[in-house]
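Read-outs throughout are calculated quantities, based only on the coordinates presented, and are distinct from any laboratory measurement. These figures come from a predicted structure and were not determined experimentally. Methodologically, a virtual Cβ is constructed for each residue, glycine included, from the backbone with ideal geometry; neighbour enumeration extends over all protein chains shown.
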């Protein structure tokens, strides 16, 4: 949004849902040290939905439907060795990479109306993966048709 003075403003409402996913994976490259070996991770996953105006029902999205969409997006990854999944062959499935992957699934859910009436009004989505109590990464992007 732009003010009368031409300044950019980002007044947004937001709703966030949370779940977790348990995976195994390994990394290629000296940068990753001991993480080059197969190891497990449990990520706490937060997905925030942003919009400038509330729906006629007074919400950003339907929280229940947003949570179900997150569960559906995480299900193909949960309890899997990501090294064995065809879509990730040759890819380091870093926390940053996975946050973008989950974002894509949630953006598809918003564009497909799976977050309830008014899903098409979601402007941005941020997916944050907490890999521990001291480290997290996220991807944030627009939801466009």
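Quick one: order 26, 144 by neighbouring beta-carbon count within 10 Å, fewest to most.
144, 26
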Computed [θ] at 222 nm, deg cm²/dmol, the chain (DSSP H ≥ 4; -39,500 (n - 2.57); rounded to nearest 500): -6500 deg cm²/dmol
Efficiency of FRET between residue 36 and residue 16 - r from beta-carbon atoms, R0 30 angstrom, step 0.05: 0.35
Helix 95-111 vs. the chain, principal-axis angle (Cα, 0 to 90°, nearest 10): 40
Beta bridges by DSSP in the chain, antiparallel share as percent, to the nearest 5: 95
Alpha carbon centroid spacing (whole Å) that separates region 25-67 from region 122-145: 6
Residue of 77, 85, 98 that the Gaussian network model of the chain assigns the largest fluctuation, springs spanning Cα pairs under 10 Å: 85
Nearest 10 degrees, 0 to 90: helix 63-74 Cα axis against the chain principal axis: 30
Amide N proximity, region 93-135 versus residue 72 label position 7 Å along Cα-to-Cβ, cut-off under 17 Å: 102-122
Rel. contact order, % - alpha carbon contacts under 8 angstrom, at least six apart, the chain: 27
